[in-house]
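Take a look at the structure set out below.
The values are calculated or read from the model by the stated rules, or taken from the named source; none is laboratory data. Computed from a predicted model, the values in this text were never measured in an experiment. Positions of Cβ are backbone-derived with ideal geometry, glycine not excepted, and every protein chain shown enters the neighbour counts. Surface areas here come from the heavy atoms of the whole protein model, side chains and all, with no ligands, DNA or RNA. Shrake-Rupley method; radii C 1.70, N 1.55, O 1.52, S 1.80 Å.
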Amino acid sequence: MNFISIAEAMKKGLGRVAVRGWIFRERGSNKMKFIVLRDSSNIIQCVLNKENFEKQWDEIDKLKIESSLEIEGTIKEDKRAPTGFEIYADKINIIQIAEDFPINKDLNEELLGDRRHLWLRSRKMTAILKIRSTVFAAIHEYFRGKGFYEYQSPIFQSVQCEGGSTLFNVDYFGKKGVFLAQTWQLYAEPAIFALEKIYTVAPSFRAEESKTSRHLTEYWHAEMEAAWATFDDIQDYGEALIKHIVKKVLELNKPELEILERDSKKLEFSLKKKFPRITYDEALKILKEKAKIKIVWGKDLRTIEEDVLSKLYDTPIIITNYPKEVKAFYMKETAGNSKVVNGCDFVAPEGYGEIIGGSEREADPDKIKKRLVEMGEKPEQYSFYLDTRKYGSIPHGGFGMGVERVISWICGLDTIKDAIPFPRTMTRTRP
């Protein structure tokens, strides 16, 4: 008999089925066993009566959690069962009897991290990983649907883009000044003069000495860059991308959201409403009036201020026109006010922090050189980047989205570490 998934067996609902997987839970007596079997699609309770398995009962009695099995039998609906169906087994093939599984409900986050390779099997992590897969597919679908070309940049880089303090230096055949990519941006901008609209989904690395629940040293970065794009265009692209991701998750992953006990109605707000767009100045005014928090103009918004703002809205908010001094050298000055730039941050609701950072890029090479000098950088090291402004410079812009931050928000996770299979942090490089 051909094997089908547990989800397919439940869809069939009646008759003979053959399924295979791993023991999620087991209980019983010396006459009957109840085995909850799991595969990638779902779980189902299987009932084994001793009188049907006299020759195998001693072996069946030794089965433990995560033992691997093949089971054939008759499926019937039973509302008392964990997922509403049971398989009354009449044939079992034991692939392997597992050892004592080293994970239980009493393990803390650190011990679960040590056993991450096994914790991936949990219903929680399986649900998150399915949603993660949907998010990645949605990113590709969105950009390709908008006529973007997928493009890759080097992981080994020799110029910094997001600040030297978060660089991972690499021993590159004895050469100094080589590090892991913080972003694709400086190597993406040259390509817009050929392809005009490009995107990537690739790992980025930040050596931030942070142990918070929202930081990883290695994360996946969805980035885009577009020729001729205005500052408004960049914000529109970012909002539409997030809406598309949420839409696909709500379409494809309702069961997973239920496993995670995530209220999907909170996500629906982001589909139905336009994201509020407020300037940095307006954000400071809101913080002062509604939260009694006074920020000196020119200071960047910290996590605590972003969290306060995010809890005032039920969708992501877009904060624009930050002071030039707290933003990167490549951001274009705002027309009529050289103290601020056309940069924006998307802040997720419910205190999930910044999920997108973007800007219109500066097209004037002299202004870029001046900013580099002000930041203590050597313009000559950026000669290849400055060349792009010498030969047909145009208005353009782009953004980067932290994929794990988006997954964290969508899933309602307590820590970003659960948004990626094997998190890398200040304190963890294994397994």
_Scope region 298-311; condition more than 23 Å from the chain's Cα centre (by Cα) and open to solvent by less than 80 Å² (accessible area, probe 1.4 Å); matching residues_ = Gly298, Asp300
*Of these, Lys288, Lys211, which one is outside any strand (DSSP E or B), open to solvent by 10 Å² or more (accessible area, probe 1.4 Å) and out of contact with any strand residue (DSSP E or B) (no Cβ under 9 Å at 6 or more places or on another chain)?*
Lys288
_Pairs please, first residue from region 97-108 and touching a residue at least 24 places away in the same chain (Cβ under 8 Å) and closer than 17 Å to Arg123 by Cα, second anywhere and open to solvent by less than 100 Å² (accessible area, probe 1.4 Å) and not in a loop (DSSP other than H, G, I, E, B), Cβ atoms under 8 Å, 6+ apart in sequence or on different chains._
Phe101/Leu118
_Residue identified as closer than 20 Å to Asp236 by Cα and open to solvent by 30 Å² or more (accessible area, probe 1.4 Å) among Glu325, Glu333_ = Glu333
*Considering each of Glu110, Glu86 in turn, give the residue that is in contact with a strand residue (DSSP E or B) (Cβ under 7 Å, 6 or more places away or on another chain) and either within 21 Å of Tyr219 (Cβ to Cβ) or assigned to a strand (DSSP E or B) (or both).*
Glu86
*Would you check if Lys274 is at pLDDT 95 or above, of a type in the set (Lys, Arg), more than 27 Å from the chain's Cα centre (by Cα) and open to solvent by 30 Å² or more (accessible area, probe 1.4 Å)?*
no
*asked:* When you check Val347 against the structure, is it among the aliphatic types (A, V, I, L, M) and under 21 Å from Arg262 (Cα atoms), yes or no?
replied: yes
*asked:* Given the options Ser158, Ser133, name the one that is within 17 Å of Tyr187 (Cα to Cα) and small (Gly, Ala, Ser).
replied: Ser158
*Can you run down the residue pairs with Cβ atoms below 8 Å, 6 or more apart or on separate chains, where the first is in region 417-431 and on the phi < 0 side of the Ramachandran plot and the partner is open to solvent by less than 40 Å² (accessible area, probe 1.4 Å) and among the polar types (S, T, N, Q)?*
Lys417/Thr425; Asp418/Ser408; Ala419/Ser408; Arg424/Thr217; Thr425/Thr217; Met426/Ser210; Met426/Thr217
